Amino acid sequence: MRLLILLLLLLIGVLYLAVKNPDEHVTIWIWREEFRDVALWEVVLASVFAGFALTGILGLIEGAGFRLQNRRLRREIQRLETELNYLRTQPASTAAREPDALDTAPTGRRPGDVVAGEVERPSAPVYGSAGLAAGDEEDDDAYTGGRAV
């Protein structure tokens, strides 16, 4: 609707120019060709039509680019959906485990039992203050004091 209104306003402007300047004639040059005594409203009307034609050509070129991009994206979506369906239909493997999973194999020991020669590993990172020398002051940050974080 806006486009129709703009076209109507443009047509009214060209008609107004033609009515107000009926005797105005100009000379124009197009590729070393000279045209004398051309009515001014004809020049304006021809330039408007040339603008429409160029805009239409640019619109077709841009639209073709969008269609190519949409086609490429549709193929990518189809590939991803195929991969997703493939992964959904795979049987669950009990042998595979997450890399961060805790070891829950029964060992017959309770947590905290120390076995000779084995170092007890904490379940979370521990930042201790054991590396300070006798005269060093302990920093007042959150990662001192041997607390598990």
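The values are calculated or read from the model by the stated rules, or taken from the named source; none is laboratory data. Since this is a predicted model, take the numbers as computed values, not measurements. Note that we place each Cβ from the backbone using ideal geometry, even for glycine, and neighbour counts take in every protein chain shown.
Does LEU84 count as at pLDDT 95 or above and either surrounded by 10 or more Cβ atoms within 10 Å (Cβ to Cβ) or among the acidic types (Asp, Glu) (or both)? So LEU84 fails the test.
Hey, does the stretch 110-121 have a residue that's modelled with pLDDT under 65 and within 45 Å of the chain's Cα centre (by Cα)? Within the stretch 110-121, one or more residues are modelled with pLDDT under 65 and within 45 Å of the chain's Cα centre (by Cα). Kindly check whether there is at least one residue in the stretch 61-77 that is at pLDDT below 90 and surrounded by 10 or more Cβ atoms within 10 Å (Cβ to Cβ). No, because not a single residue in the stretch 61-77 is at pLDDT below 90 and surrounded by 10 or more Cβ atoms within 10 Å (Cβ to Cβ).
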